[in-house]
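What follows is a set of notes on a single structure, which appears directly below.
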Amino acid sequence: NCAECSPTAATCTKCKAEYFLASDGTCKSSTNTTNCMAFSTNVGCFKCNNAHFRKASGYECDPCIDECLVCPDGTTCTTCNEDNGFTKNTDDVCVSSTGDTPVTCRDGTYRNNKNMCVDCDKGCSLCTGPSECITCHTSYNPGSNAGTCILITGSPEEGQYLDTTNTPTPCESTCRTCSGGTANDCTMCRADYYSAFTAGKGTCTQCKSKCASCENGNACSSCKE
């Protein structure tokens with residue numbers, strides 16, 4: 001595959017077409033270079049796809065560790081892979097919320113035994129676990145059994161609102177609770193959605209696919225299994 005070589009036949013100095021010169025003096029096929037974003041016949045792959053890095057020898061692309069979206073050497077993250085549920089902590093290290101550190105869950109959700117934030121029981125706006133409600137929604141009263149909530153007669157259920165005829169009507173599908181029927185009328189989001197509220201209401205947007213919960217669209221606060 002050498003076009004020119006020196007000082008021996010095994011040391012290439014120039015490659016044939018469709019090959020590039022690697023740092024070890026061999027010619028590598030450009031057609032077999034995978035996970036390459038930008039390629040040059042002079043230097044091979046000089047920019048790799050996300051979650052990959054360029055090897056020092058051969059200019060080939062190898063995968064980073066799962067935590068990294070961008071890495072210079074395979075194990076040192078410069079950007080965390082948030083799609084895999086990793087985000088940087090205060091020590092500038094990419095960590096997963098499924099590890100040993102307990103996650104903090106927002107109101108209306110609780111941390112289960114898998115370190116995931118999940119929704120409280122129906123009718124409950126603040127809880128520590130299933131059947132462990134601390135505060136009920138406004139249309140619910142505490143039940144006779146501790147930690148439960150009972151719907152007030154004539155009130156809309158969680159996921160409903162009263163329309164202009166005073167009829168319980170379903171909220172928009174992204175809302176857990178709402179004050180009206182549009183996507184902008186959410187007053188509480190489900191665990192795997194995050195809010196953009198003004199004056200106590202707004203839209204709920206779904207978290208990234210591997211998030212069990214999130215506070216924004218950029219990083220998970222807890223991850224799915």
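The values are calculated or read from the model by the stated rules, or taken from the named source; none is laboratory data. Being a predicted model, the structure only gives us computed values, none of them experimental. Don't worry about glycine lacking a Cβ; one is built from the backbone with ideal geometry, like all the others, and counts go over all protein chains shown. Only protein heavy atoms, including side chains, enter the accessible area calculation; ligands, DNA and RNA are left aside. Shrake-Rupley method; radii C 1.70, N 1.55, O 1.52, S 1.80 Å.
Which order do peptides 130-139, 162-171 fall in by mean Cβ count within 10 Å, highest first? Please list the in-between numbers first.
Values: 130-139: 17.6, 162-171: 12.5.
Ranked by mean Cβ neighbours within 10 Å, highest first: 130-139, 162-171.
Quick one, which of (1) 1.05; (2) 0.99; (3) 1.27 is the actual Rg/Rh (Cα atoms, Kirkwood Rh) calculated for this model?
(3)
May I ask you to give the solvent-accessible area per residue for the chain, in square angstrom, as obtained with a 1.4 angstrom probe? Working shown, then result.
Details: 12690 Å² over 225 residues.
Result: 56 Å² per residue.
Explain nothing, just the number: relative contact order of the chain, from Cα pairs under 8 Å at least 6 residues apart, as a whole percent. Could you put the intermediate results ahead of the total?
Details: 562 pairs, mean separation 22.4, N = 225.
For the chain, the relative contact order is 10 percent.
Taking the alpha-carbon distance from LYS208 and a cut-off under 19 Å, which lysines remain once sequence neighbours fewer than 8 residues away in the same chain are dropped?
Counting by Cα, and skipping residues close in sequence, LYS208 has these lysines nearby: LYS88, LYS114, LYS224.
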